[in-house]
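What follows is a single structure, written as structure tokens, with notes after it.
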Amino acid sequence: MRKKIVAGNWKMNMELAEGLKLAESVDTYFRSKPSKAEVVLCTPYIHLAGVSQILKDGKVCLGAQNCASEPSGAFTGEISPAMILSTGAGYVIIGHSERRSYYHEDNTILNRKTRLALSTGLKVIFCCGEVLGERESGKYFDVVKNQIENGLFNIPAEEMNSVVVAYEPVWAIGTGLTATPEQAQEMHQYIRGLFSEKYGKEIADNLTILYGGSCKPSNAAEIFSKPDVDGGLIGGAALKKDDFTAIVEAI
């Protein structure tokens, strides 16, 4: 069976003390009540080392929200995959819609980041998804196919067990619009089909695909019940322990 994962993306929120407090509360919860899903906290860089110590020997994993495309050197302000790994983190998010939109990261640079992160030993949560105009024009399958083919399809088959895909319907994030569970399933099934064509059925069947579009306690169970939805990449709801744990329990 493929792995179920719920990853909380804290984005640019919480000062250090607040982040450590939230991580401790989530860690305490899952030490006493193990989850059927793998739980990952993706924190700002400044939290990583401290949160790693809190999560040590527990059930919750740690991830970063981005990484550099180069292993080291004169790249002021950047954080390399090796630096992330050295904190104790095991995951990194690459290609989040905010990185694509605000920082103009294209498929070429995202592929370079992915290959470097994998070669360093990190697991990658690779994001893809369409904006409202692309959804309304009917181009959403083509958009996602282009992002996946150019971002991931030069990854060797033997490394695919370290790749998780997160589908973000960007038009449904913070807009008041909602992607239905049926729309989520349709795209997840399509993504799995792309991997089946490229890598074969076994790898596609074992690929974890997360939903990342305004998932909350009230809709998580219905979304997660769809056969090709293997968990979620959670934004705002990950900043509240009770909301986040309720979403994880919906698995």
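When you scan the range 1-46, how many residues do you find that are charged (D, E, K, R) and buried (at least 18 other Cβ atoms within 10 Å of the Cβ)?
3
The residues in the range 182-205 that are in contact with a helix residue (DSSP H, G or I) (Cβ under 7 Å, 6 or more places away or on another chain) and over 16 Å from residue 135 (Cβ atoms) can be counted, and the count is 7.
Considering only residues that are among the small types (Gly, Ala, Ser) and touching a Leu at 6+ places or on another chain (Cβ under 7 Å), look in the range 69-105 and name the one that is farthest from residue 38 (Cα to Cα).
The initial filter retains those residues of the range 69-105 that are among the small types (Gly, Ala, Ser), namely 69, 72-74, 77, 80, 82, 86, 88-90, 95, 97, 101.
Filter once more, keeping what is touching a Leu at 6+ places or on another chain (Cβ under 7 Å): 69, 88-90, 95.
Values: 69: 27, 88: 16, 89: 14, 90: 12, 95: 21 Å.
Ranking the qualifying residues of the range 69-105, first place goes to 69.
Looking across 113, 139, 145, one residue alone is within 30 Å of residue 193 (Cα to Cα), touching a strand residue (DSSP E or B) at 6+ places or on another chain (Cβ under 6 Å) and among the basic types (Lys, Arg). It is 113.
Name the residues in the range 229-251 that are surrounded by 20 or more Cβ atoms within 10 Å (Cβ to Cβ), without any contact (Cβ under 8 Å) to a residue 60 or more places away in the chain and either farther than 22 Å from residue 22 by Cβ or out of contact with any Pro (no Cβ under 9 Å at 6 or more places or on another chain) (or both), would you? Matches in the range 229-251: 229 only. A search for C-beta distances below 6 Å between a residue of the range 164-188 that is farther than 27 Å from residue 92 by Cβ and any residue that is of a type in the set (D, E, K, R), counting only pairs 6+ apart in sequence or on different chains, returns 181/222; 181/226.
Report yes if residue 69 is crowded, with 18+ Cβ neighbours inside 10 Å, under 21 Å from residue 115 (Cα atoms) and touching a Cys at 6+ places or on another chain (Cβ under 9 Å), otherwise no. For residue 69, the condition - crowded, with 18+ Cβ neighbours inside 10 Å, under 21 Å from residue 115 (Cα atoms) and touching a Cys at 6+ places or on another chain (Cβ under 9 Å) - is not met. Residue 196 passes every criterion in (1) under 30 Å from residue 13 (Cα atoms); (2) surrounded by fewer than 22 Cβ atoms within 10 Å (Cβ to Cβ) apart from (1).
What helices (runs of 4 or more DSSP H) completely inside the range 136-208 contain at least 2 residues that are among the hydroxyl-bearing types (Ser, Thr, Tyr)?
On the way: elements: 140-152, 181-199, 201-206.
Once the helices (runs of 4 or more DSSP H) in the range 136-208 are filtered for at least 2 residues that are among the hydroxyl-bearing types (Ser, Thr, Tyr), what remains is 181-199.
Among the conditions (1) touching a residue at least 12 places away in the same chain (Cβ under 8 Å); (2) farther than 30 Å from residue 130 by Cα; (3) not acidic (Asp, Glu), residue 83 misses just one, which is (1). Are there any pairs with C-beta distances below 9 angstrom linking a residue in the range 137-159 that is in contact (Cβ under 8 Å) with a residue 12 or more places away in the chain and more than 21 Å from residue 116 (Cβ to Cβ) to a residue that is of a type in the set (Lys, Arg) and in a helix (DSSP H, G or I), with the two at least 6 apart or on different chains, and if so which? Filtered contacts from the range 137-159: 143/135. Checked against (1) surrounded by 14 or more Cβ atoms within 10 Å (Cβ to Cβ); (2) more than 22 Å from residue 23 (Cβ to Cβ); (3) in contact (Cβ under 8 Å) with a residue 12 or more places away in the chain, residue 78 passes all but a single condition, namely (3). For the range 33-44, a residue qualifies if it is of a type in the set (S, T, N, Q) and at pLDDT 95 or above, and exactly one does: 43. Checked against the criterion of being more than 18 Å from the chain's Cα centre (by Cα) and farther than 14 Å from residue 167 by Cα, the range 88-101 has no qualifying residue. Checking 108, 120 one by one, the residue that is over 24 Å from residue 12 (Cα atoms), surrounded by fewer than 16 Cβ atoms within 10 Å (Cβ to Cβ), touching a helix residue (DSSP H, G or I) at 6+ places or on another chain (Cβ under 8 Å) and not hydrophobic (A, V, I, L, M, F, W, C) is 108 and no other. Among the conditions (1) within 18 Å of the chain's Cα centre (by Cα); (2) modelled with pLDDT of 95 or more, residue 214 misses just one, which is (2).
The values are calculated or read from the model by the stated rules, or taken from the named source; none is laboratory data. Keep in mind that this is a model prediction, so the values were computed, not measured. Cβ: placed from backbone, ideal geometry, glycine included. Neighbour counts: every protein chain shown.
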